[in-house]
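A.B. asks: I'd like to ask you about the structure that follows.
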Amino acid sequence: MISLTIDGQKVKVSEGMTVYEAAKAAGIYIPTLCYHPYLTPYGACRLCVVEIDKMRGFPTSCTTPASDGMVVSSDTPQLQELRRDILELILTEHPYVCLTCERKQDCKPYRASIRKVGVTTGCQFCPKNGRCELQEVANYIGIEEITLPYEYKELPIDRADPFFERDYNLCILCGRCVRVCQEVRGAGAIAFTYRGSEALIGTAFGRSLQESGCQFCGACVDICPTGALAERGRKWEGLADKQVVTTCPYCGVGCQLELEVKRDRVIGVSPKGDGALNRGQACVRGRFGIPEIVHHPQRLRTPMVKRNGQLVEVTWDEALDTIANRLSKYKGEEIAIISCAECTNEDSYVIQKLARVVLATNNVDHYARLCHAPTIASLSQSFDGGAMTNSIAEIGGASCILVIGVNITASHPVVGVEVKRAIGRGGKLIVANPHRVELCRFADLWLQHRPGTEVALLGGIMRVIIDQGLMDTAFIKERCDRFDAFRESLNGFDLGTVETITGVPQSQVAEAARIYASCQPASIIYGDGITQQCHGGDNVLAIANLAMLTGNIGKPSAGVNPLGGLNNVQGACDMGVMPDLYPGYQAVADSASKERFESAWGCSLEAAPGLTLVEILQAIQRGQIKAVYVIGSDAVLNREALKGLDFLVSQGMFLSEVSQLADVVLPAASFVEKEGTFTNAERRVQLVRKAIEPIGGSRPDWWIICQLAQRLGGRGFDFNDPSQIMKEITTLVPSYKGISFQRLDGGGLQWPCISEQHSGTPILYLETFDGGRGKFVPLDYKSPAELADGDYPLILTTEPSLYYFHAGAMEVGLGEFSVLNGGASVEVNPVDAIKLGISDGEAVRVVSRRGEVEAKVKVADVLPVGVVSMALHFAQGIVNPVIDPVSKIPEYKVCAVKIIRGEVVYQG
Amino acid sequence: MASRTVDKESPFAWSGVRTVFVCKGTGCVSGGSEEIYQALKREVESSEVDGIKVDFTGCHGFCQRGPLIDIEPDGFFYTEVKVEDIPEIVHSHLVNGYPVERLFYHDPLTGKAIPYYRDITFYAKQQRIVLRNCGHINPEKIEDYLAVGGYRALKKVFLDMTPEQVIEEVKKSGLRGRGGAGFPTGQKWEFCRGAPGKEKYLICNGDEGDPGAFMDRSILEADPHSVIEGMIIAAYAIGATQGYIYCRAEYPLAVERLKIALKQAEERGLLGDNILDSNFDFQIELKEGAGAFVCGEETGLMMSIEGRRGMPRSRPPFPAISGLWGKPTNINNVKSFASVPVIIDHGAGWYASIGTETSKGTAVFALTGKTQNSGLIEVPMGISLGDIIYEIGGGIIEGKRFKAAQTGGPSGGCLPASMLDQPVDYESLTQAGSMMGSGGMVVVDEDTCMVDLARYFLSFTQAESCGKCVPCRVGTRHMLNILERITRGEGQPGDIERLNKLAQLVKNGSLCGLGQTAPNPVLTTIRYFRDEYTAHVDEKRCPALVCTELISYYILPDKCQGCRICLRDCPAGAISGGKRMVHIIDQDKCIKCGSCLDVCPTRFSAVVQVSGEKVAVPSKPIPVTVSKTKKGASAKPSID
């Protein structure tokens, strides 16, 4: 701690703080426009000048480090005059008539200015009016007159890109947007251009943001102090009535967002800074997607029942009675519920309770089957628990990060920000991905292995670590079992074999081993790139082996960190929306668990585990399942499979492909319209807060399920409020025991949270594994189920997309997002493109043994020869549904295809 | 060995080995010295005379008179040599011993031919320490540098001195940063040495961007090893293992010679690992700038090396604590480094004996503008401004009156005639409102408008501002707008006060040295030449007859002979008149190009340039007045 004096006040701050930060901590206001807590000191606006004893001139407080014994004055007449003069200079380049008008309080919105000056040069029509930092500073400094001539820059407003507009006539060149884009987001899409008084913010060669690598995360818009950068969607909305903090529903990061609400409309969204895990960052989906989806004109507003082949609008009573009547006719084994990982924990809990208690079936599964199931299965085997071992905020502190099978900057952009933070601090990055993903640009090493060969790649890395004695022998000895058997199993992974299988040069495998093992702590981040395979479980086991081998478990900034696809994958699994597990991962097959739940729920439960998602679809075709209740996301469902059903209910926000087949369609409220909790990838349970009333006649999922359960005679569904559901959850799920809505109101809690006093668990397995000791699992390499052959000579791999993020309940493919994605495309290596005689932009058919899709060719040197790639969103019909024997996940990442140049008309 | 053709009668007959040095500095090369060098080699070879070596050097500093040839060891000095002169130099001088007098430097005042460079006043009054080898050794040969004692200081340092002793010696010498700020060099090294951190960097700032300044360029071109030696010594003293020379890309020859010198130093084990078995490792990497003036500012320069946009940042933290890539960094100017080997070699006491109490050693200036002699000069600190201009510079050309000297580059100040007795050192210049800067010195005469000069320098600095901080980016633009308005004759009452106020704001409020000093030319011209400002603002008059909008051309009716020369030359068709008719300039059409003034025969001198006054002219052409003089009457203008 150091102590300094500011304006006569003694201030104690920690070393490394600037004078500005010290003043702020002491509650002393110093005006500034270019300072921002997320950014490195800059000192360009010069408004935060102070006088410091024994220092010449007027140093800027935002750049001057505070030192012990410093004596600072922030408010002398001389400083105020200097600030006024500097502000005057700023205002000669920014419209100011309203800022200096003595009658500005009398002005009313949407009326011409009372001074009869052009309204476009005043504040009234500025999108940031009321939120503008320049207004704030001008008020503080109290500027009354501008004596220097005003120079309007006369720049055209840049409207070419989606989501936000750039009006550099309002820009004061504080550089915050450029700095956040470079320092925090690592994108560098914008920069300063020209110099002197011609200096401007712009893109390389004046191209559009889309062309310059912008990912539309909106960080620049959030950080802009003036109206220069403003969302198009809320340009004319004015100030919000209230802000509601909630949890983003788009991916497992669980960013905290502030919804800006005006007259029962969400007009804007901004990421929460203080105390939130996302530290003021978000991505295009959360930042710009929400108002568009919530208020989309195609939202379902009324329940509908199919009569004479047509869906007709009915009342809730009619719809629910219809469902109750129909479902009561089937036996438990004839019914299945397919739920969704976008539902809240409370929704999920009552959904599986409905299935088990009322419908007497364990046939309940959800999207996690398609991304997270191998994680649960395999990590439970290795560590006795299946979740991310560490926290997102720790990633930035890692010395090495191995990112495998996930394009983080597209799937989980805010985790990408953390990865870039680690790199910025000197951390090493190894990317293993067949596809040249954005992070490859930042990587010390990029391993471009063939899809589906991860076990061999990781096996090779581990073999090198052991051969070179780089493993953590003490950790292995003290905390792990079966090391010898595991070591034996690596015999087959000599570097020659590994290179043959994976296509990665031996030297790179050895280098990866050296970096990963020698830079501690090292974190592994993986995603559906390795889980969506018929041996996805093996891939996860290999990762667990690697982490244990180097002792990277139970330490800050280390660990095994899976990133699931949808936002509440973790929570829905925790809640037992799975055929074989009750809430809290208590096995259906375990009689003690069954008895526990039978006594809690006051009923007898089905003893046999139910069917998984892919098995349900197969059972429908066999005629075994006759009625299906689908909730939320239908992205993964094959429409054809559902056609053989007797009875289908679809509950969601939009009329989807599934709901068009349904007998009853129920309109669900969005996350903005209900209370509840989501559990993010790092096991953090966070509140979802209601910001507006449900749109039209839509209702929250938990309400619908409880209504239905009661109609079917179910007991224990008389909840008035999701907090009551959470109360019941805490009695049955030990890791949620200490959680309540009241506690969550002050911020999320990471499970295990075992009592009301427990503050949650950011890092798992600090002392021991849940089962006592970690278990190495010996592995063999198994090739993908389908390999390229004469008929289907190419391997297709799939990717999630930043802009097309899962169909269904919260689809972001609508409106301006579609501009960014541009429809289905297939990426082809230039070598293959020449071989196939196809060119960039050409329309082709991508054909597999299961079907075909049309797509536009994108020739890019981003994949190994012989591998093509599509967004999973568009490739649903052709991927290989063969499943992993343990976790039952289908192999979406690898299948054989051929590309046919056809007379197809591309419809994008 | 004497050649048989030598004329024994000649007083300059020479029997030893002579070296003919052709200057291959940028100035002389642009004057054709490369061709001269080749021609000389051919000629000497074919003349079959013994004992003559042909070699080249870097800049002598007297670029104004280039291309230059220097014949050593006797020191004959040929100026403004052309390829055609080579046979004569070889045969007359080298073979027969008769120097070519017409190629000697001729004193502009006396007209006397001066055969030896050391007698030329331009050189005679200088004290060349930093420039000691410039023009005397081949910059592309490390052997030449070694032969004049090069790297001797380095050996001394490595063999006999601890880093602390080196720093102490430099501190004792009183050497101050020659980049312009004048911070004591030894102290700067001490800070960096004391900064925590294993990795430290050393940077040589060769991003010389001042208009009219070429000190660093000449040193890098003429004596690159002295800079490298200085850097190695500094690196040893500080504990830096990686050095950078940041050189302007606009100096291709300097870049080329640096590359050669760095390679030679590496080959001799003077750079690299374990230098001279001292266990000390040091590398130097050459970085080329991309033409931004602001990259000469140390923090901007470091941003540029890091591959980012050159935008200065605030200090503290100072580079000595957190510089390049956040590591302790020492950055010095080319001239500072070039001074170091001499200081070590000759001792701090010797160096400190030169100069004044607070400004030790010598200063290098690029003397340009309206002096008889111009070029690169090195003088002891404390010499008077007048001595530089009149003794070394030989006074103002065409006998005009000295008006001002602009020192310190575009952000220095303009010193008037009353300051000619002022000593030239850091403190005196700062006190006078100017600065030492990196060493630009532009001398202007009575034909220069000081408002226009201030406008010119400010237009440079405002265009070269990086655009980061508000006062520099916006403030200089407003200042420039006002100056432009004044020079256009649209000055408003209060403009001078407005300028003063803005200048103070930019000075006090700007982030880096560029902004903090940019107002200097404006402030000093207002301080010393306020009457010129008031003439512009209040009387709409430019006393120096420079500001186009404020001057007019008239044809005096009593002098015009109606020769029609000006009428035909006028590009704007603004002159009316006929043969033997008084010509009249249509003031609305006149574009003030001055061609009428230029072409009017001097014996008539009928065209006048005025500002703020009107000359009575007839409203339409009238017959010319017949001159009363006999000669005038018969004088027929040369018409076609």
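The values are calculated or read from the model by the stated rules, or taken from the named source; none is laboratory data. A quick note: this is a predicted structure, and the numbers were derived from the prediction, not measured. Quick reminder, even Gly has a Cβ in these numbers, built from the backbone with ideal geometry, and neighbours come from all protein chains shown. For the accessible areas, the whole protein counts, side chains as well, though only heavy atoms, and no ligand, DNA or RNA atoms are used. Shrake-Rupley method; radii C 1.70, N 1.55, O 1.52, S 1.80 Å.
A.B. asks: Can you send over the carbon and sulfur percentage of the accessible area for region A:717-764, probe radius 1.4 Å, protein chains only?
C.D. replies: Solvent-exposed carbon and sulfur of region A:717-764 make up 48 percent of the total.
A.B. asks: What fraction of the DSSP beta bridges in chain A is antiparallel, stated in percent and rounded to the nearest 5?
C.D. replies: Around 60 percent antiparallel, to the nearest 5.
A.B. asks: A follow-up question, please. Residues of region A:189-204 that become at least 10 Å² less accessible with every protein chain present than in their own chain isolated, using 1.4 Å: which are they?
C.D. replies: Residues passing the criterion (a loss of at least 10 Å², heavy atoms only) are A:F192, A:Y194, A:R195, A:G196, A:S197, A:A199.
A.B. asks: Now a separate question. Which whole-number percent is the relative contact order of chain A (Cα, under 8 Å, 6+ apart)?
C.D. replies: 13 percent.
A.B. asks: Now a separate question. Among the residues of region A:34-72, which ones have their accessible area go down by 20 Å² or more when all the protein chains sit together, as opposed to their chain alone (1.4 Å probe)?
C.D. replies: The answer is A:Y42, A:A44, A:R46, A:M55, A:F58, A:T63, A:P65.
A.B. asks: When only C-alpha pairs under 8 Å and at least 6 residues apart count, what is the relative contact order of region A:213-318, in percent?
C.D. replies: So the answer I get is 20 percent.
A.B. asks: Of all the accessible heavy-atom surface of region B:100-168, with the other protein chains kept in place and a 1.4 Å probe, what percent is carbon and sulfur?
C.D. replies: Roughly 52 percent of what the probe reaches on region B:100-168 is carbon or sulfur.
A.B. asks: If you don't mind, another one. Which lysines have a Cα lying under 19 Å from the Cα of B:K559, excluding residues fewer than 8 positions away in the same chain?
C.D. replies: Within reach: B:K579, B:K614, B:K620, B:K628, B:K630, B:K631, B:K636.
A.B. asks: Now for a different question. Any chance you could check region B:469-513 for residues losing 20 Å² or more of accessible area when the partner protein chains are in, compared with the chain on its own (1.4 Å probe)?
C.D. replies: Residues meeting the cut-off: B:V470, B:P471, B:R473, B:V474, B:R477, B:H478, B:K501, B:L502, B:L505, B:N508, B:G509, B:L511.
A.B. asks: Report, as a whole number in µm² per second, the diffusion coefficient that Stokes-Einstein gives for region B:329-399 at 25 °C and 0.890 mPa s using the Kirkwood radius over alpha carbon pairs.
C.D. replies: Calculated translational D: 179 µm²/s.
A.B. asks: OK, next. Rank these by accessible area, largest first, 1.4 Å probe: B:W350, A:W751.
C.D. replies: Final ranking, largest accessible area leading: B:W350, A:W751.
A.B. asks: For A:G551, what is the net charge nearby, where nearby means another residue's Cβ is under 11 Å from its Cβ and Lys, Arg count +1, Asp, Glu -1?
C.D. replies: +1
A.B. asks: From largest accessible area down, sort A:C573, B:C590; use a 1.4 Å probe on the protein chains.
C.D. replies: Ranked list, largest accessible area first: B:C590, A:C573.
A.B. asks: Using a 1.4 angstrom probe on the protein heavy atoms only, line up B:D74, A:D274, A:D347 by accessible area, largest first.
C.D. replies: Final ranking, largest accessible area leading: A:D274, B:D74, A:D347.
A.B. asks: Heavy-atom accessible area of A:F483 with all protein chains present, probe 1.4 Å, nearest 10 Å²?
C.D. replies: The accessible area comes out at roughly 30 Å².
A.B. asks: Taking the Cα centre of chain A as the origin and placing charges on Cβ (Lys, Arg +1; Asp, Glu -1), which of A:F769, A:V221, A:S197 is farthest toward the positive end of the dipole?
C.D. replies: With unit charges placed on the Cβ atoms, the residue in question is A:S197.
A.B. asks: Now a separate question. Tally Lys/Arg at +1 and Asp/Glu at -1 over every other residue whose Cβ is under 11 Å from the Cβ of B:A404; what's the total?
C.D. replies: Computed value for this residue: 0.
A.B. asks: State, as an integer percentage, the relative contact order of region B:400-520 based on alpha-carbon contacts under 8 Å between residues 6 or more apart.
C.D. replies: Relative contact order, region B:400-520: 27 percent.
A.B. asks: Suppose R0 equals 30 Å; then what is the FRET efficiency for A:D721 and A:W236 from their Cβ-Cβ distance, rounded to the nearest 0.05?
C.D. replies: Computed FRET efficiency for A:D721 and A:W236: 0.25.
A.B. asks: Rounded to the nearest 20 debye, what is the charge dipole size of region A:831-883 about its Cα centre when +1 sits on each Lys and Arg Cβ and -1 on each Asp and Glu Cβ?
C.D. replies: The calculated dipole for region A:831-883 is roughly 200 debye.
A.B. asks: OK, next. Any chance you could look up the accessible area of A:E21 with a 1.4 Å probe, heavy atoms only, rounded to 10 Å²?
C.D. replies: The accessible area of A:E21 comes to roughly 50 Å².
A.B. asks: Counting only helical runs of four or more DSSP H residues, what would the 222 nm mean residue ellipticity of the protein assembly as shown come to if each run contributes -39,500 (n - 2.57) and the total is spread over all its residues?
C.D. replies: -8000 deg cm²/dmol
A.B. asks: Would you mind counting up the charge near B:V334? Only other residues with Cβ under 9 Å from its Cβ, with Lys and Arg at +1 and Asp and Glu at -1.
C.D. replies: +1
A.B. asks: By DSSP, what percent of the beta bridges with both residues in the protein assembly as shown are antiparallel, rounded to the nearest 5?
C.D. replies: 60
A.B. asks: What figure in square angstrom, to the nearest 10, would you give for the accessible area of A:K858 with a 1.4 Å probe?
C.D. replies: Accessible surface of A:K858 is approximately 100 Å².
A.B. asks: If you don't mind, another one. Hey, how many Å between the Cα centroid of region A:146-189 and the Cα centroid of region B:277-297?
C.D. replies: Distance between centres, Cα-based: 34 Å.
A.B. asks: Quick check: at a probe of 1.4 Å, how many percent of the accessible area of region A:165-224 sits on carbon and sulfur atoms?
C.D. replies: 50
A.B. asks: Under a cut-off of 27 Å between alpha-carbon atoms, report the lysines in cross-link reach of B:K41, not counting same-chain residues fewer than 8 places apart.
C.D. replies: Here the lysines satisfying the reach criterion relative to B:K41 are B:K8, B:K24, B:K53, B:K82, B:K141, B:K259, B:K263.
A.B. asks: Still on this model: What ranking, highest mean first, results for peptides A:362-368, A:236-242 when packing means the other Cβ atoms within 10 Å averaged over each residue?
C.D. replies: A:362-368, A:236-242
A.B. asks: Excluding ligands, DNA and RNA, what is the solvent-accessible area per residue of the protein assembly as shown at a probe of 1.4 Å, expressed in Å²?
C.D. replies: That works out to 37 Å² per residue.
A.B. asks: Further question: Using the crude model of +1 on Lys and Arg Cβ and -1 on Asp and Glu Cβ, and no other charge, please compute the dipole size for region B:455-521 relative to its Cα centre, in debye to 20.
C.D. replies: 140
A.B. asks: If the reach is capped at under 20 angstrom between alpha carbons, list the lysines near A:K128, excluding any in the same chain fewer than eight residues apart.
C.D. replies: A:K104, A:K108, A:K153, A:K235, A:K242, A:K262, A:K272
A.B. asks: Please tell me which of these pairs span more than 29 angstrom C-alpha to C-alpha: B:K335/B:K507; A:K555/A:K782; B:K172/B:K507; A:K420/A:K555; A:K420/B:K188?
C.D. replies: Distance filter (> 29 Å) returns A:K555/A:K782; B:K172/B:K507; A:K420/B:K188.
A.B. asks: If each of B:L146 and A:C603 carries a label point 7 Å out from its Cα toward its Cβ, how far apart are those two points in nm?
C.D. replies: Here the modelled spin labels are 9.7 nm apart.
A.B. asks: Give me the accessible area buried between chains B and A, both sides summed, with a 1.4 Å probe, in Å² rounded to the nearest 100.
C.D. replies: Heavy-atom accessible area buried at this interface is about 2500 Å².
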